[in-house]
Structure formats: C-alpha cells, structure tokens
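What follows is a single structure, written as structure tokens, with notes after it.
The values are calculated or read from the model by the stated rules, or taken from the named source; none is laboratory data. Just so it is clear, the structure is predicted and the values come from calculations on it, not from any experiment. Cβ sites come from the backbone with ideal geometry, for glycine too, and all protein chains shown count toward neighbours.
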Amino acid sequence: MAKAMFGAGCFWGIEERFRSVAGVTDVAVGYAGGSTEAPSYEEVCTGATGHAEVVEIDYDPTKVAYDELLEVFWDVHDPTTLNRQGPDVGTQYRSAIFTYDAGQEEAARSSKQSADSSGDFGAPIVTEISPAGTFWRAEDYHQQFIAKRRQKFGGLFR
C-alpha cells in the first residue's frame with residue numbers, strides 16, 4: 001500500500017472522485033501544509049493556519065499508478081487559479097501536491113510540466129508541490145460528506 005495527498009479546492013468533491021478510482025482503498029479528507037497543530041475546520045477556514053483542504057489517499061500501486069492519480073488530480077480542478085476553486089477563495093483552497101518521497105516529487109514535477117506545456121488549461125499552472133508533512137484528519141462530519149448526503153436526500157444531492 002502507498003499514500004498520496006492532494007489539495008484541489010474543497011475536499012468534499014475531490015474525495016468523491018478519488019474514491020471511484022480502481023486501486024484506491026481509502027480516502028480521508030483533512031488539512032496539510034500549515035503551521036497550527038491539530039487545526040479545526042473553523043481555524044482552517046480563516047486562512048490563518050496556512051493549511052490546505054486535502055485528501056489523503058491509500059492506494060495499491062500494483063492496481064493504480066501514482067501517475068494515474070496525478071491525471072485524476074489535474075482533471076478534478078482548475079490548477080491555474082491561485083488560492084481559488086470556483087466560489088471558494090483562500091489559501092485553504094489552493095492547488096497542491098504533497099509528496100511522500102522523492103519518486104512522487106519527481107513524478108509530480110514531471111506531470112505538472114507536461115500539463116503546463118500541453119496548453120489544455122489556457123493559463124500557467126500555479127500548483128504547489130511540497131513534502132507531505134503532517135496530515136490532520138478533518139472532523140468526522142466532513143468524511144464522505146457527499147455520499148452521506150446522497151444517502152439521506154437521494155437524487156437531490158449529486
């Protein structure tokens with residue numbers, strides 16, 4: 001088993017997308033890249049802690065390659081908007097790849113360069129690439145947020 005960590009705006013939607021990838025065994029939402037120990041959602045939302053909303057992914061590298069996870073990452077958000085995804089604004093919504101080892105860092109940098117030079121995004125990519133550091137798991141009510149709402153409200157919540 002291996003881990004990957006990505007920030008791509010609000011963690012609810014990207015958690016849902018990564019859960020659908022074959023070879024991904026678990027996805028947790030949380031916070032990374034900041035300076036406060038054990039931050040709460042309310043603290044992270046102020047932007048003062050420096051954390052990004054992220055997903056930490058457990059995956060089986062014999063079933064899904066890290067490069068494939070990077071492809072999903074580029075597909076699920078706009079990596080050209082600094083500290084913003086759609087209506088969500090602030091450093092906590094920044095585009096970020098947090099790497100666990102030198103191999104992931106090299107793959108992330110290569111993937112970013114390829115994505116940037118592809119012209120697919122129409123603007124320069126601003127995605128941060130940093131060592132993973134500590135992952136702080138978000139409060140339970142954030143875990144599988146969309147799936148829980150879909151069960152409760154059916155087709156009204158997609």
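Taking segment 32-49 on its own, how many of its residues are out of contact with any helix residue (DSSP H, G or I) (no Cβ under 9 Å at 6 or more places or on another chain) and either more than 17 Å from Y100 (Cβ to Cβ) or among the aromatic types (F, W, Y) (or both)?
Summing the residues that are out of contact with any helix residue (DSSP H, G or I) (no Cβ under 9 Å at 6 or more places or on another chain) and either more than 17 Å from Y100 (Cβ to Cβ) or among the aromatic types (F, W, Y) (or both) in segment 32-49 gives 8.
If we scan segment 12-20, do we find a residue that is of a type outside the set (D, E, K, R), surrounded by fewer than 16 Cβ atoms within 10 Å (Cβ to Cβ) and more than 22 Å from W74 (Cβ to Cβ)?
Scanning segment 12-20, I find no residue that is of a type outside the set (D, E, K, R), surrounded by fewer than 16 Cβ atoms within 10 Å (Cβ to Cβ) and more than 22 Å from W74 (Cβ to Cβ), so the answer is no.
Exactly one condition in (1) closer than 21 Å to F18 by Cα; (2) surrounded by fewer than 21 Cβ atoms within 10 Å (Cβ to Cβ); (3) not hydrophobic (A, V, I, L, M, F, W, C) is false for S117; which is it?
Among (1) closer than 21 Å to F18 by Cα; (2) surrounded by fewer than 21 Cβ atoms within 10 Å (Cβ to Cβ); (3) not hydrophobic (A, V, I, L, M, F, W, C), the lone unmet condition for S117 is (1).
Given the structure, is G103 surrounded by fewer than 13 Cβ atoms within 10 Å (Cβ to Cβ), modelled with pLDDT under 95 and not hydrophobic (A, V, I, L, M, F, W, C)?
The answer is no for G103.
Tell me the residue from A52, A22 that is in contact with a helix residue (DSSP H, G or I) (Cβ under 7 Å, 6 or more places away or on another chain) and among the small types (G, A, S), please.
A52
Looking at P79 and the list (1) modelled with pLDDT under 95; (2) touching a strand residue (DSSP E or B) at 6+ places or on another chain (Cβ under 9 Å), which single condition is not satisfied?
(1)
Mind checking which residues of segment 134-151 are in a loop (DSSP other than H, G, I, E, B) and among the polar types (S, T, N, Q)?
T134, Q143, Q144, listed by residue number.
Here are some residues: G23, G86, G30. Which one is over 20 Å from E106 (Cα atoms) and modelled with pLDDT under 95?
G86
Which condition number does S114 fail, the rest of (1) among the small types (G, A, S); (2) in contact with a Phe, Trp or Tyr (Cβ under 6 Å, 6 or more places away or on another chain); (3) without any contact (Cβ under 8 Å) to a residue 12 or more places away in the chain being met?
Here S114 meets the rest and fails (2).
Checking T80 against (1) out of contact with any helix residue (DSSP H, G or I) (no Cβ under 8 Å at 6 or more places or on another chain); (2) under 21 Å from Y141 (Cβ atoms): exactly one of these is not met. Which one?
(2)
Among the residues that make up segment 54-67, is at least one of them small (G, A, S), without any contact (Cβ under 8 Å) to a residue 60 or more places away in the chain and farther than 20 Å from Q143 by Cα?
yes
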